[in-house]
1. Listed residues 181, 113, 126; which is surrounded by 13 or more Cβ atoms within 10 Å (Cβ to Cβ), in contact (Cβ under 8 Å) with a residue 40 or more places away in the chain and at negative phi?
2. Can you pull out the helices (runs of 4 or more DSSP H) entirely within region 30-119 that have at least 3 residues that are within 17 Å of the chain's Cα centre (by Cα) and at pLDDT 90 or above?
3. Residue 158 fails exactly one of the following numbered conditions: (1) outside any helix (DSSP H, G or I); (2) surrounded by fewer than 12 Cβ atoms within 10 Å (Cβ to Cβ); (3) within 20 Å of the chain's Cα centre (by Cα). What is the number of that condition?
4. State yes or no: is residue 53 without any contact (Cβ under 8 Å) to a residue 24 or more places away in the chain, within 18 Å of residue 121 (Cβ to Cβ) and surrounded by 11 or more Cβ atoms within 10 Å (Cβ to Cβ)?
5. Quick one: in region 15-50, of everything that is within 17 Å of residue 153 (Cα to Cα) and without any contact (Cβ under 8 Å) to a residue 12 or more places away in the chain, which residue is surrounded by the most Cβ atoms within 10 Å (Cβ to Cβ)?
6. Here are some conditions: (1) assigned to a helix (DSSP H, G or I); (2) closer than 30 Å to residue 67 by Cβ; (3) under 22 Å from the mean Cα position of the chain (by Cα). Residue 192 meets all but one. Which one does it not meet?
7. Looking at (1) surrounded by 17 or more Cβ atoms within 10 Å (Cβ to Cβ); (2) over 18 Å from the mean Cα position of the chain (by Cα); (3) part of a loop (DSSP other than H, G, I, E, B), which is the one condition that is false for residue 12?
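The values are calculated or read from the model by the stated rules, or taken from the named source; none is laboratory data. Because the structure is predicted, anything quoted here is derived from the model rather than measured. Please note: Cβ atoms are built from the backbone with ideal geometry, for glycine as well, and neighbour counts cover all protein chains shown.
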């Protein structure tokens, strides 16, 4: 979260550098070089977090033999879940669809961000080291990377603000904020309501916790 906020605060004035407010904001940061350096630092920070996340998934699946990360992969059941949820909100169904570890919105949210990371990292690396890159690739890769990086960044920002934040913090069950972002835990009753299938599997197996990790 810290790296994302830093990237937004330093990336937007670089993208819209012709605006007066951007020039003022760059001055607040201490100038163009400081703004660029902060942006690069935040980018490496996010890259490190993504590598840690990938390593955690591999370790959890292959070493700990815990299957839950695989459940984030979309499947046919998610298509049925979307249909059933639409039917519920239209009044056709009386009950919301029962959800396992991840619902379809969480999966869609995860993969929407995940697929954009390689685009951001590769294009950002090219922009960070253009002289090195153009020593073995044509110079046209630099403006191409600039367009890809800039547009993907705006898409990610819009997605995070309008979709991710809304579904995770502004829905009636979580408003005004979902505290699991800080605690790493979910209230037991809320988990039973939102992830009924996994709740039944966990607590029928005799787990005594009053709170569960998301």
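1. 113
2. 32-62
3. All conditions pass for residue 158, except number (1).
4. yes
5. If we take residues in region 15-50 being within 17 Å of residue 153 (Cα to Cα) and without any contact (Cβ under 8 Å) to a residue 12 or more places away in the chain, then 22 is surrounded by the most Cβ atoms within 10 Å (Cβ to Cβ).
6. (3)
7. So the condition that residue 12 fails would be (3).
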